[in-house]
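The values are calculated or read from the model by the stated rules, or taken from the named source; none is laboratory data. Note that this is a predicted model, so its numbers are computed, not measured. Cβ: placed from backbone, ideal geometry, glycine included. Neighbour counts: every protein chain shown. Quick note on the areas: whole protein, heavy atoms, side chains included, nothing else; ligands and nucleic acids left out. Shrake-Rupley method; radii C 1.70, N 1.55, O 1.52, S 1.80 Å.
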Number of protein chains: 2
Amino acid sequence: MNTAPLTRRARAGGGRMTAQRRAVLQALQELGCAPTAEEIHTRARHIRSGLGLVTVYRTLETFAQEGLVQRLFLDDARGRYELMGGRHHHHLVCLSCGTIQSLNRCFLAAAERAARARGFKVTAHRFELFGYCRRCQAPAAR
Amino acid sequence: MNTAPLTRRARAGGGRMTAQRRAVLQALQELGCAPTAEEIHTRARHIRSGLGLVTVYRTLETFAQEGLVQRLFLDDARGRYELMGGRHHHHLVCLSCGTIQSLNRCFLAAAERAARARGFKVTAHRFELFGYCRRCQAPAAR
DNA sequence: GTATCAGGTGAAAATGATTTTCATTATCAG
DNA sequence: CTGATAATGAAAATCATTTTCACCTGATAC
């Protein structure tokens, strides 16, 4: 798997490119759909043994600030992380086993249809908009 | 504010109706949009002083199992709770001040339009489907 | 290439949200 | 009214995550 473009983007953020960060990037790329810090740590450890969980957290936080990674919360309090810049998509979260699949389209009806087409039984959905409320936009937005 | 219908629904779940649970229900009703356990605790304490935070958590968990309350995760790891059975809706989460507003319609385009109409600047959205994957449905779903 | 040093790392401890434990209290079916 | 048993409160435990701090190492300047 080619991590060069990611490495370039990460370096562009101003930080240094260490073996640990490379391992986290590669793990993210290999794991794909919204893994937890723990899962990323386990995978990245195979690439760079001795890598600490704390470093994984710090690295993910750094990448998130640089916009390289997005942190999201699905069905529980554990943060989940995924690389940004891929195609915009949403998730299918299984309430029984917790597996997460991704879904490319984002319109409601189409999404539900797409989910059903893969045998996923939809029992609930969640749709949230993030941004800045009127009060926080003016006078100095953010 | 009338809590009688809620009290009835809560009792129907099989549990006992205590002053603490009544206070939590009332607080949920008064607070409206997706408060945290902490916020619910603070409000419910005014109704029933001495009410412990632990009890709030337990009560919310119980209500969630009975389908009276839904627990959700928005922009951070803190769980948020809201009464079920109201009109289906979604949320506007301000990334700056953290306030949460609710939105009635759930179709993407309409939702974004509705958000903008209230001066909310949308910078991202999240849409998740929950349910059971093919593997978990068969042979004994759930 | 090598020195330099700010940025990065690992381990341990701290934190914050939530859950568990356990002794005590209170609801409500009979 | 009373007993069985569910619910409560306080303290301690747990889990994910963050902070601290002493040590290390990329990558720029030489």
Scan of segment B:14-63 for residues that are among the basic types (Lys, Arg) and away from DNA strand D (no atom under 11 Å from the Cβ), ordered by number: B:Arg43
Within the set of pairs 6 or more residues apart or between chains, which connect a residue that is free of Cβ contacts under 8 Å to residues at least 12 places away in the same chain inside segment A:30-52 to a residue that is outside any helix (DSSP H, G or I) and open to solvent by 60 Å² or more (accessible area, probe 1.4 Å) with Cβ atoms less than 8 Å apart? none
Can you tell me which of (1) closer than 26 Å to A:Cys97 by Cα; (2) assigned to a strand (DSSP E or B); (3) more than 10 Å from chain A (Cβ to nearest Cβ) is the one B:Thr62 doesn't meet? (2)
Restricting attention to segment B:1-58, report how many residues are within 10 Å of DNA strand C (Cβ to nearest atom), within 14 Å of chain A (Cβ to nearest Cβ) and either hydroxyl-bearing (Ser, Thr, Tyr) or touching a strand residue (DSSP E or B) at 6+ places or on another chain (Cβ under 6 Å) (or both). 2
Can B:Glu66 be described as touching a residue at least 24 places away in the same chain (Cβ under 8 Å) and surrounded by 13 or more Cβ atoms within 10 Å (Cβ to Cβ)? yes
Please tell me if B:Gly50 is at positive phi and assigned by TED's automatic domain parsing to the domain that holds B:Arg11. yes
